[in-house]
1. Is it the case that some residue within region 65-85 is within 16 Å of ligand 2 (Cβ to nearest atom), surrounded by 13 or more Cβ atoms within 10 Å (Cβ to Cβ) and under 14 Å from the mean Cα position of the chain (by Cα)?
2. Which of the following residues is outside any loop (DSSP other than H, G, I, E, B), more than 16 Å from ligand 3 (Cβ to nearest atom), farther than 15 Å from Ile37 by Cβ and among the hydrophobic types (A, V, I, L, M, F, W, C): Ile77, Ile71, Ile64?
3. When region 87-134 is examined, which residues are found to be touching a residue at least 12 places away in the same chain (Cβ under 8 Å) and under 12 Å from the mean Cα position of the chain (by Cα)?
4. Scan region 137-162 for residues that are crowded, with 17+ Cβ neighbours inside 10 Å and out of contact with any strand residue (DSSP E or B) (no Cβ under 8 Å at 6 or more places or on another chain) and jot them down.
Amino acid sequence: MVIERTTVFAMRCPACGRLDVQHLNIFQLAGNRTQDIYCECGSHKASISRKGANYISIHYYCIICDHEHSIILPKSIFWSKNRLNSLVCLDTELNLGYYGSYRLIRAELKRQQEELNSMANELGFDDFADPEIMLETLDYLHDIAATGGLFCECGSQDINIELFSDKLELSCNNCNSAMQIPASSKFDLDRLKSQGEVVIKLATGKSKNSKTHR
Ligand SMILES: [Zn+2]
Ligand SMILES: [Zn+2]
Ligand SMILES: [Zn+2]
């Protein structure tokens, strides 16, 4: 009986950033063979080989630390039909790609793409002084909001974010206090990051739950 074993390896190219999906079957790793994975651009991304009878080893180039990482895992995980495994930087845990089930990887990549598309559409990229800085600023605000570092002096963490070409406006959904965050340069972003948290100052003369709109 021949048991067909295939898996999928999807890793962001350290040179060009493309995330290709490569199909591998068990014959490509037969014996002592090493399977090298290349990006369409020609860059070498990873090498995969068997380690003894029961393990698979993956060497991969990490763009974050600028050197190679290597992991060894049970072959049952590598060839599993129902796992989505993350390939990460061993120093920072940041994601570099995936391997495992084609169905799950395809779904995950589709989800990420849709998230990006909807963000880009929502934002109307061309309108921004510096789209990259705007995205990073937004990303950072989401991060600190997730750790409780974004709030209003009234105590509310229910904050609305509105985007303008060169700044964001944060407003408290509870008391309507607002603040602006410049987001048109690296300097703006660095300054925001250095603060550690973002606190909206209470606007004076506005009562709680006031329905004033500007
Ligand atoms: Zn490439
Ligand atoms: Zn790394
Ligand atoms: Zn408030």
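Read-outs throughout are calculated quantities, based only on the coordinates presented, and are distinct from any laboratory measurement. Model, not experiment: these values are computed from the prediction. Glycine also receives a Cβ, built like all others from the backbone with ideal geometry; neighbour counts cover every protein chain displayed.
1. Within region 65-85 (the criterion being within 16 Å of ligand 2 (Cβ to nearest atom), surrounded by 13 or more Cβ atoms within 10 Å (Cβ to Cβ) and under 14 Å from the mean Cα position of the chain (by Cα)), the answer is no, since none of the residues qualifies.
2. Values: Ile71 fails: farther than 15 Å from Ile37 by Cβ; Ile64 fails: outside any loop (DSSP other than H, G, I, E, B).
Residue meeting the stated conditions: Ile77.
3. Across region 87-134, the qualifying residues are Leu94, Leu96, Gly97, Glu108, Leu109.
4. The answer is Tyr140, and nothing else.
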